[in-house]
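For reference, the structure discussed in these notes is given below.
The values are calculated or read from the model by the stated rules, or taken from the named source; none is laboratory data. This structure is a prediction, so every number in the text was calculated from the model and none was measured. Note that we place each Cβ from the backbone using ideal geometry, even for glycine, and neighbour counts take in every protein chain shown.
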């Protein structure tokens, strides 16, 4: 079973969100406003938190560490965390076949099939694109 990283992240986030109802979380770290105003094509735009984009600033590092600690504390106390972790482990370790070089000849679909943990692809003949064999 091949699953994209985007799909995996969506599954994890939805699962965590579903389990998060009623879970308590500590107050976020203080992020003071330090307004910076830029002008783009005659329109002034103020960004109060641009200072958080400077990773060389010790204040940004301190804020980020506090936010990471807050998030870690919250995630570690989710009741379904072990089940979510196991599901992610299964999804990541799952392997599925991939097909390439498809050619249709005389009513038969030929393809190169790569199936981990085999190290070499094999030539397969399929009766239709829906044929998983």
Restricting to segment 53-88, give me the number of residues that are free of Cβ contacts under 8 Å to residues at least 12 places away in the same chain and assigned to a loop (DSSP other than H, G, I, E, B). 4
Would you call residue 47 touching a strand residue (DSSP E or B) at 6+ places or on another chain (Cβ under 8 Å), over 29 Å from residue 86 (Cα atoms), surrounded by 12 or more Cβ atoms within 10 Å (Cβ to Cβ) and modelled with pLDDT of 95 or more? yes
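Determine which member of the set 83, 31, 59 is within 30 Å of residue 95 (Cβ to Cβ), in contact with a helix residue (DSSP H, G or I) (Cβ under 9 Å, 6 or more places away or on another chain) and modelled with pLDDT of 75 or more.
83
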Taking the condition of being loosely packed, with under 10 Cβ neighbours inside 10 Å, modelled with pLDDT of 90 or more and within 21 Å of residue 4 (Cα to Cα), how many residues in segment 86-128 meet it? 1
Name every residue in segment 62-80 that is touching a helix residue (DSSP H, G or I) at 6+ places or on another chain (Cβ under 7 Å) and exposed (fewer than 12 other Cβ atoms within 10 Å of the Cβ), in order of residue number. 79
Within segment 89-108, residues under 30 Å from residue 8 (Cα atoms) and part of a strand (DSSP E or B) come out as 98, 99, 100, 101, 102
